[in-house]
Amino acid sequence: MSARAVKRIVIVGGGTAGWMTAAYLARWLDKVDIQVSLIESELIGTIGVGEATVPGIHQFIKDLGIKESEFIRATNATFKLGIEFKNWAGDDKTFFHPFAGYGVDIEDRPFYKTWWSAQAQGYNEGLEKFCLCAQLAAAGKFALPSFDESSRLAWYNYAYHFDASLFAKFLRAYAEQRHVKRIEGKISHVQLNASDGFIQSVSLDSGELVAGDLFVDCTGMSALLIGKTLAVGYDDWTHWLPCDSALAVQTTSVAEPDPFTRSTARTAGWQWHIPLQHRVGNGYVYSSQFISHEQAREELLNSLTGERVTEPKLIRFTTGMRKDFWYKNCVAIGLSSGFLEPLESTSISLIQTGINKMTGFLVNFEIDEARVAEANRLNRLEYERIRDFIILHYSLNGRSNPFWQHVSRMPIPATLADKIAVFRNLGDVKMLEQESFKEESWVSMFYGFGQQPSGLPASVDPQKIQAIMQKMKSAIEKGAQLAHPHAEFIRTIDTP
Ligand SMILES: Cc1cc2nc3c(=O)[nH]c(=O)nc-3n(C[C@H](O)[C@H](O)[C@H](O)COP(=O)(O)OP(=O)(O)OC[C@H]3O[C@@H](n4cnc5c(N)ncnc54)[C@H](O)[C@@H]3O)c2cc1C
């Protein structure tokens, strides 16, 4: 196939994926001769969840040239320093996955290794005490990080929780102001070119026909173009991640918002708690093999603290990924390209990296077979790495009821088994190509689940090392004391 020119891009679907894609492309439209249109159907609506993010979201906001304070006001956003995992390692045990590393390297050795060696020699301060990000979260505080070379202990990252419908509305206004054309309507037919099988056009219920050179499938789980029309298959990963259902419900806030997402282990899955400025997003992700929908609903409703703002909405899903996210002139972005449960809030990030791959490999606005193949290869690796990270949470769990016993005994991918073995034997985190989660995230999981690496050399001067560590701990305590409560920080940023 020779390279094919793209002049008209048609985005199908106006959920988070559709409007993120539209907004990203809109930045170019006054500089290049490309038309972008987006078709969405109010009758079908969007999935309406997806409110917790990872730090990569900053780059997206920055790429659009949007001020953080404007974004926070428009989406009722709060700050997120990481995820608290409650009862995953066993009842009444809690640990935190911060968007940060731990301490500063001592004598050219990663801090976490020094800490594990010190622990073996009787040192008993928790690893989280060496992470300002985790300490701010524990105190319900927030401050912007410093990336000053002289204060490496203050290096951390953060993300946001936001209202998904306000986020889509905000991006829609951004895109429409920059010449993206929105078309309301439900697609009833897709026309393929008889000679090469490329998508030529889509027709709406109204009879309108929309033609294009590149189609971005953002139709969510229905995958209208990539799945139903082009028949690109789906790798089902339910045998590794058996949760297949979620119940989502919004409640009023009863307390100031925490600067973190909470994930609490339940009978047959886990519950999310996502605090926004004006309300809380809650949901129960579970395996219907181990609990009925009615029982899950009851368990979720009994655990809520605020008043219900919405009725619980049941969402069924199949964990896995599209075999190719880019096929001919169709690119799947968002839920049409795959789904991994929201345990580490990775779907919006996958939308972002999907857009980056699509635009990065659409060199000179041409579709080129070799580039498409490379984009697909990278996309697969990225999904598989995140999949492994999520399976790790289940595999190492410390719970005893049937669902949790089942997931702790399930076979796991060889790549993950190897990573766990390397950590246990050497204390190293084996990083592979296209990892979304850095070494420090893996360390926080191994630590949270009580893993103990063997084979780490003991320090020859433990007193000296422990004195250095105590200094770091005190500096972090002081830093955390100086920060403001999270809600107060939001109120100050909220002033127009
Ligand atoms: C339970 C749950 C919790 C989640 N939590 C998080 C989270 O905390 N963080 C995170 O990053 N992600 C999360 N996600 C994922 C996140 O919700 C999605 O990645 C995100 O909302 C993108 O969805 P989408 O735009 O692909 O699909 P949708 O929101 O479903 O949008 C599909 C669009 O396609 C349109 N459409 C479909 N068919 C047609 C047609 N025939 N004609 C015209 N238009 C059509 C619809 O009208 C709609 O506009 C969660 C997902 C689930 C299921």
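The values are calculated or read from the model by the stated rules, or taken from the named source; none is laboratory data. As the structure is a prediction and not an experimental result, all values here were calculated from the model. Please note: Cβ atoms are built from the backbone with ideal geometry, for glycine as well, and neighbour counts cover all protein chains shown.
Inclusion of Gly14 among residues that are more than 8 Å from the ligand (Cβ to nearest atom), out of contact with any helix residue (DSSP H, G or I) (no Cβ under 6 Å at 6 or more places or on another chain) and either outside any helix (DSSP H, G or I) or at pLDDT 95 or above (or both) is not warranted.
Quick grid of which residues meet (1) in contact with a helix residue (DSSP H, G or I) (Cβ under 7 Å, 6 or more places away or on another chain); (2) on the phi > 0 side of the Ramachandran plot; (3) touching a residue at least 24 places away in the same chain (Cβ under 8 Å):
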{"site": "Val6", "(1), (2), (3)": "yes, no, yes"}
{"site": "Lys31", "(1), (2), (3)": "no, no, no"}
{"site": "Gly50", "(1), (2), (3)": "yes, yes, yes"}
{"site": "Gly56", "(1), (2), (3)": "yes, no, yes"}
{"site": "Gln59", "(1), (2), (3)": "no, no, yes"}
{"site": "Phe79", "(1), (2), (3)": "yes, no, yes"}
{"site": "Gly90", "(1), (2), (3)": "no, yes, yes"}
{"site": "Phe99", "(1), (2), (3)": "yes, no, yes"}
{"site": "Gly103", "(1), (2), (3)": "yes, yes, yes"}
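If the condition is being within 9 Å of the ligand (Cβ to nearest atom), assigned to a loop (DSSP other than H, G, I, E, B) and in contact with a Lys or Arg (Cβ under 8 Å, 6 or more places away or on another chain), then the range 17-48 contributes Ser41, Leu43, Ile44, Gly48.
All of (1) aromatic (Phe, Trp, Tyr); (2) over 25 Å from Ser349 (Cβ atoms); (3) within 14 Å of the ligand (Cβ to nearest atom) hold for Phe167 with one exception: (2).
Report those strands (runs of 3 or more DSSP E) wholly inside the range 274-348 carrying at least 1 residues which are free of Cβ contacts under 8 Å to residues at least 60 places away in the same chain and either of a type outside the set (Ser, Thr, Tyr) or within 14 Å of the ligand (Cβ to nearest atom) (or both). Quick ask: steps written out before the conclusion?
Details: elements: 280-286, 313-316, 320-322, 330-332.
Ranges flagged: 280-286.
Screening Ala118, Ala168 for residues that are within 21 Å of Phe79 (Cβ to Cβ), touching a helix residue (DSSP H, G or I) at 6+ places or on another chain (Cβ under 8 Å) and surrounded by 15 or more Cβ atoms within 10 Å (Cβ to Cβ) leaves exactly one candidate, Ala168.
Looking only at the range 442-496, filter to residues that are charged (D, E, K, R) and in a helix (DSSP H, G or I); which one of those is farthest from the chain's Cα centre (by Cα)? Lay out the reasoning, then the answer.
Here is the first cut: in the range 442-496, the residues charged (D, E, K, R) are 461, 464, 471, 473, 477-478, 488, 491, 494.
After this cut, where a residue has to be in a helix (DSSP H, G or I) as well, the list is 464, 471, 473, 477-478, 488, 491.
On the way: Lys464: 40, Lys471: 34, Lys473: 30, Glu477: 29, Lys478: 31, Glu488: 26, Arg491: 26 Å.
So the residue we want is Lys464.
Taking the range 280-311 as the search range and keeping residues that are surrounded by 20 or more Cβ atoms within 10 Å (Cβ to Cβ) and either out of contact with any strand residue (DSSP E or B) (no Cβ under 7 Å at 6 or more places or on another chain) or not hydroxyl-bearing (Ser, Thr, Tyr) (or both), which one is farthest from Trp237 (Cα to Cα)? Across the range 280-311, the extreme among qualifying residues is Val280. Checking each residue in the range 128-152 for being crowded, with 21+ Cβ neighbours inside 10 Å and either more than 26 Å from the chain's Cα centre (by Cα) or assigned to a helix (DSSP H, G or I) (or both) picks out Phe130, Leu132, Cys133, Ala134, Gln135, Leu136, Ala137. Kindly indicate whether Leu225 is over 22 Å from His161 (Cα atoms) and within 11 Å of the ligand (Cβ to nearest atom). When the stated conditions are applied, Leu225 passes them. Only one entry of Ser203, Ser195 meets the criterion of being within 11 Å of the ligand (Cβ to nearest atom), farther than 20 Å from His486 by Cα and over 30 Å from the mean Cα position of the chain (by Cα), and that entry is Ser203.
Among the residues making up the range 349-362, those that are in a helix (DSSP H, G or I), more than 11 Å from the ligand (Cβ to nearest atom) and of a type in the set (A, V, I, L, M, F, W, C) are Ile355, Met358, Phe361. Within the range 432-441, can you find the residues that are among the charged types (D, E, K, R) and in a loop (DSSP other than H, G, I, E, B)? Glu433, Glu435, Lys438 - these are the residues of the range 432-441 that are among the charged types (D, E, K, R) and in a loop (DSSP other than H, G, I, E, B). Residues in the range 432-462 that are surrounded by 15 or more Cβ atoms within 10 Å (Cβ to Cβ) and of a type in the set (A, V, I, L, M) were compared, and the one that is farthest from Leu381 (Cα to Cα) is Leu456. Among the residues of the range 346-367, those that are in contact with a Lys or Arg (Cβ under 8 Å, 6 or more places away or on another chain) and of a type outside the set (A, V, I, L, M) comprise Phe361, Phe365, Glu366.
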